[in-house]
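The values are calculated or read from the model by the stated rules, or taken from the named source; none is laboratory data. Everything quoted here is computed from the prediction, not taken from an experiment. A quick note on method: Cβ atoms are made from the backbone with ideal geometry, for glycine too, and the neighbour counts reach across all protein chains shown.
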Amino acid sequence: MSVPAGGRVDAAAVRFRDSWSRLLRQGHGAAVSPGVLGPLVYRTAELLSRAHGEDPFDPGPAERAGALLVDAQFTDPVVLAHAVELLQQWPAPDDRGPALTGAFAAGWSAALRDRTLREQEAIRRAVDLARREAERALYASEARFRAMFERAAIGIGFADLEGNLLVVNSTLQDMFAATAEDMRGLNVESLVHPEDSSGVWETYHELVQGERENFQCDKPYYRRDGEVIWTHLTVSLIRDEQDTPRYQVAMLEDITDQHRLQERLRHQATHDPLTGLPNRTAFFERLEALFDDPGPGARFGLCSLDLDGFKNINNSLGHEAGDQLLGAVADRLHSGVAPLGHLVARLGGDEFAVLMERSRGPQEGIAVAQRVLGTLAPPFLIGDQQLVVRASMGVVEQPVSATTASAAMRSVDLTLYRAKKEGRGRWTLFDPQRNAVAVSQYAMSVRIPMALDRGEFFLDYQPLCALDDGAMVAVEALVRWRHPELGVLGPDEFIMTAEDSGLIIPLGRWVLLHACEQAARWADRFGDAAPRMNVNLAVRQARNAGLIADIDRILRSSDLDPGRLQLEITESAMLGPRDPALQALHELVGMGVSLTVDDFGTGWSNLAYLRDLPVSGLKIDGSFVSELHASGEDPVGWRIIGGMVSLAHSLGLSVTAEGVETAADAQRLRAIGCDCAQGWYYGRPVRPGEITRRIVEAAGGTRADGEG
Amino acid sequence: MTRRRWVPEGTDQDVPNVARVYDCYLGGSHNFAADRELAREAVEMWPDLPLIMRANRAFLRRAVQFLAGEGITRFLDIGSGLPTFGPVHEVARVVQPEARVVYVDIDPVAVQHSRLLVADDPLCAVVEADMRDPAGLLARPAVAELLRPREPVAALLLAVLHFVTDEEDPARIVRELSAALPAGSALALSHGSREGRPDVVEKHEDLYARASAPLTMRTREEIVALFEGFRLLEPGVVYLPEWRPQDPAAVGPHPELFSGLAGVGLKP
């Protein structure tokens, strides 16, 4: 208690102390421990009393009181305002009042300024320490990563997204036999190699565009010294904190030794040790690969060759000389043909083969054959003997789609056999007609029932398109035979035999059933957008008593709308008005199936009968259009076609032209008024999936899924 | 509690830092312009905030001194921030002069600041750790050392769990920490609640979206549930000033305005 001179309790002083205590106990004071707050209230009130009453006036205690408040974190300016107010309300014995209040305020402010500066310094120092600590940690982690990067057993390189190499580790430099300077700034995209797996660069571009995070592959590179190194490559995308792609890191593991070993093993398995040429296994692998996914219109060539009289050489000069000769022949074949990109193989004994994986036509196959024979023409020096060697060759040059690997081998063997038979030292080109004859001589007909059992037949479909808008209105089912020895045979090669033997009846039934099932699937899926199905009806089928029952059953079992089926009857099957089979045709039409005359213009036609036949259309034989091609501009030919069209139209028949190969044909036929066209220009016979794709495409979609 | 960034955590002075904003509310100067700006906006919207923060500090003091009075000498202050006003070791030593304190914070600036403060104190340690990884936190040498003698430890989670989002699962954090505490240990917890001032809570949360850690205020039920496995001491989970006030009259007529809820539990 402050007791002023005279010992009398000063009521104003008591009032001040009470107010002072209240002031310090609210606000911030509420959070201060009572054990701290009580002494603080007492001590500051005491200091202020001294400044208030002591003589002479000393501002020091008032300043200290202000400072003590700040020390106890009474830093709110509101506290100062209230304190000044209380001091002013406490009358001083002299005129020291303003000086006292000023001293208190100055003490408070000076302490606050000190405190503020101290705290700012402290917090900045803390920030600084934290930052240095973080930098130290970053540096330590960077040092660890750098050590790992530098000492890694795998090659590591960082590049920007444009592919410019920024930094590479020493392992990578060693792998590429290059210095860091050589590699810095090198662009990743320049590191192509002809043996890069397909798609690797597309994948790379997906990565740098941020569409994928990483990829792995085996990839060869050229070293700086020209050597090739094989690597297992892993490339990862590095993103920044905003997830934006920034860099790429490539990790390369040297797998050259493994690769070489693998290649070596593969080489041993696929090469002939005597000549070093690919062996029969390798040759077949490559040949079969051609048929995996042929491009449209892809052609290939195959030459089979054997040395004339090799057995005699072997017998007279010994096996060693024979082997030397084979080696020498292999060398010449290889150096003569391999540079053209063709594969030369030894199939066994004195039998060699050349595979042309790409060919533009028979003349290319012939050129290769001539070249091969040319390389073998100069005499061979074996020991001290000059040997003149001649060889016979069979040459097959075909569209890939026309055959299979085994059928092609069979064809080339047959052709080689012909070459030998016709006189040695020559090449012979595969002739499909002669092959077909050879094939039919194979007593094919006896195999047809077995082939039906084994499912060796299949159907391709060729589009029939409306000439006015090109829409595919129908497809013609064309039967194929995947003959186990002869490869894929077209109808020309076996239908005649089938007709002759009567086997056309079960075969025809099979064709009808499968074509109708396919047509029903399309109709089911595409409705009106599905094409009509045209199926050939052979003469013998037309006359078969069971025909109506067969077709009725097939339509029912396949659940096909009869209106979607059209039967094509060749002109030669045309029946006279009193033919009993005519009744069957009328019944078919009565069922809702339509009929059309096939190969029109090729046989004897009694045009008058057309009027009495229940047909709705006719197909002009392909020979008409194709002959126009052969003879160039032929106004007479066109007039004949025009005549047929107008005749058909006058009978109310629609007309389809076959053999349409060019846009000009189509244009001309359209002008003549022909309704539909069929031929290569509108599409070759294809697998049903391809037809499905065309339907989808025509409907505006691009989806191409499975067959059906 | 933090966003991923390349600038060392907490050293970016342009991002309001929750520890430094808290210092602003308490009238300190351990802060930068961005912190003061956020504090100013928050106080403008919710003028009671400084009072609430002081009430939280007062709760800390009462809770620590109560537990020290119960014989606890080991304190683990998680989310200690800038312990400028009545740090735990000072408060505890009024009762237990040998009290040991380990301060834990995720903010490296707060950690460095605390280290400056207790640099010469052999009974104190400061650890930089993320409470969302309790196993990692407990494995820090100073923390492990505090727990080793298996004497009761007071775990302080004061005004920190509201910086843990629901996805980060605050209950899991408490559970995993609690599992490491010896029997007889205590948990003192305070937490921003959705009660009391529901009118400003969401706006306040929005404001903190730009700070170093976003805020998730919780309901009383959620806060009570955090004490699972502890025996809640009287008076249970209550508004900050209501927890064992030294002067019951000081509680005031509207404790709900303090909004923050607090409680202390003992591990059997």
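So that you can scan it fast, the table gives a plain yes or no per residue for (1) at pLDDT 90 or above; (2) closer than 19 Å to A:Asp612 by Cβ:
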{"residue": "A:Leu547", "(1), (2)": "no, no"}
{"residue": "A:Ile551", "(1), (2)": "yes, no"}
{"residue": "A:Arg556", "(1), (2)": "yes, no"}
{"residue": "A:Asp561", "(1), (2)": "yes, no"}
{"residue": "A:Glu571", "(1), (2)": "no, yes"}
{"residue": "A:Leu585", "(1), (2)": "no, yes"}
{"residue": "A:Val589", "(1), (2)": "yes, yes"}
{"residue": "A:Val593", "(1), (2)": "yes, yes"}
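Return a yes/no flag: does region B:191-200 have any residue that is crowded, with 20+ Cβ neighbours inside 10 Å, small (Gly, Ala, Ser) and within 22 Å of B:Gly81 (Cα to Cα). There is at least one residue in region B:191-200 that is crowded, with 20+ Cβ neighbours inside 10 Å, small (Gly, Ala, Ser) and within 22 Å of B:Gly81 (Cα to Cα).
Before we move on, is A:Leu138 within 14 Å of chain B (Cβ to nearest Cβ), without any contact (Cβ under 8 Å) to a residue 12 or more places away in the chain and either within 18 Å of A:Met183 (Cα to Cα) or touching a Lys or Arg at 6+ places or on another chain (Cβ under 8 Å) (or both)? Answer is no for this residue. Determine whether A:Ile448 is assigned to a helix (DSSP H, G or I) and either among the small types (Gly, Ala, Ser) or in contact with a Lys or Arg (Cβ under 8 Å, 6 or more places away or on another chain) (or both). In short, no. Report yes if A:Gly365 is assigned by TED's automatic domain parsing to the domain that holds A:Thr415 and either surrounded by fewer than 16 Cβ atoms within 10 Å (Cβ to Cβ) or in contact with a helix residue (DSSP H, G or I) (Cβ under 7 Å, 6 or more places away or on another chain) (or both), otherwise no. Judged against the criteria, A:Gly365 is not a match. Contact map, region B:143-169: first residue within 19 Å of B:Leu215 (Cβ to Cβ), second residue of a type in the set (Phe, Trp, Tyr) and at pLDDT below 95, Cβ cut-off under 8 Å, separation 6 or more or different chains; pairs are B:Leu158/B:Phe59; B:Ala159/B:Tyr22. Is it the case that region B:105-125 has a residue that's surrounded by 21 or more Cβ atoms within 10 Å (Cβ to Cβ), within 14 Å of another protein chain (Cβ to nearest Cβ) and free of Cβ contacts under 8 Å to residues at least 24 places away in the same chain? Scanning region B:105-125, I find at least one residue that is surrounded by 21 or more Cβ atoms within 10 Å (Cβ to Cβ), within 14 Å of another protein chain (Cβ to nearest Cβ) and free of Cβ contacts under 8 Å to residues at least 24 places away in the same chain, so the answer is yes. Answer yes or no as to whether B:Pro47 is of a type outside the set (Phe, Trp, Tyr), buried (at least 20 other Cβ atoms within 10 Å of the Cβ), in a loop (DSSP other than H, G, I, E, B) and at pLDDT below 90. Taking the combined requirement at face value, the residue does not satisfy it.
Looking at B:Ala92, is it within 12 Å of chain A (Cβ to nearest Cβ), in contact with a helix residue (DSSP H, G or I) (Cβ under 7 Å, 6 or more places away or on another chain) and within 22 Å of B:Ala183 (Cβ to Cβ)? I'd like the intermediate steps shown before the answer.
On the way: within 12 Å of chain A (Cβ to nearest Cβ): yes; in contact with a helix residue (DSSP H, G or I) (Cβ under 7 Å, 6 or more places away or on another chain): yes; within 22 Å of B:Ala183 (Cβ to Cβ): yes.
Yes; evaluated as a whole, the condition is true for this residue.
Looking at region A:118-129, I want the residues that are at the interface with chain B (Cβ under 7 Å from one of its Cβ atoms) and have a partner that is basic (Lys, Arg) with Cβ atoms under 8 Å, at least 6 apart or on another chain. Which pairs are those? Short answer, once both residue conditions are applied: A:Ile123/B:Arg20; A:Leu129/B:Arg115.
Name the residues in region A:96-120 that are small (Gly, Ala, Ser) and surrounded by fewer than 19 Cβ atoms within 10 Å (Cβ to Cβ), would you? Those that are small (Gly, Ala, Ser) and surrounded by fewer than 19 Cβ atoms within 10 Å (Cβ to Cβ): A:Gly97, A:Ala99, A:Gly102, A:Ala105, A:Ala106, A:Ser109, A:Ala110.
For region B:221-268, name all the residues that are in a helix (DSSP H, G or I), touching a strand residue (DSSP E or B) at 6+ places or on another chain (Cβ under 7 Å) and more than 14 Å from chain A (Cβ to nearest Cβ). Before you say what the answer is, go through the steps one by one.
Pass one, region B:221-268, residues in a helix (DSSP H, G or I): B:221-225, B:240-242, B:248-251, B:255-258.
Subsequent filtering for residues that are touching a strand residue (DSSP E or B) at 6+ places or on another chain (Cβ under 7 Å) retains B:223, B:240, B:255-256, B:258.
Answer for region B:221-268, where residues must be in a helix (DSSP H, G or I), touching a strand residue (DSSP E or B) at 6+ places or on another chain (Cβ under 7 Å) and more than 14 Å from chain A (Cβ to nearest Cβ): B:Ile223, B:Glu256.
Within region A:185-209, the set of residues being outside any helix (DSSP H, G or I) and farther than 13 Å from A:Gly163 by Cβ comprises A:His193, A:Pro194, A:Glu195, A:Asp196, A:Ser197, A:Ser198, A:Gly199.
Among the residues that make up region A:251-266, is at least one of them farther than 28 Å from A:Glu150 by Cβ, among the acidic types (Asp, Glu) and loosely packed, with under 13 Cβ neighbours inside 10 Å? Yes, region A:251-266 has at least one match. Would you mind telling me which numbered condition in (1) aliphatic (A, V, I, L, M); (2) within 18 Å of B:Leu161 (Cβ to Cβ); (3) within 12 Å of chain A (Cβ to nearest Cβ) B:Leu26 fails? Every listed condition holds for B:Leu26 apart from (2).
Once region A:645-691 is narrowed to residues that are part of a helix (DSSP H, G or I) and among the β-branched types (Val, Ile, Thr), the residue that is nearest to A:Ser401 (Cα to Cα) is A:Ile691. Among all positions in region B:65-80, there is at least one residue which is more than 19 Å from B:Gly27 (Cβ to Cβ) and within 11 Å of another protein chain (Cβ to nearest Cβ).
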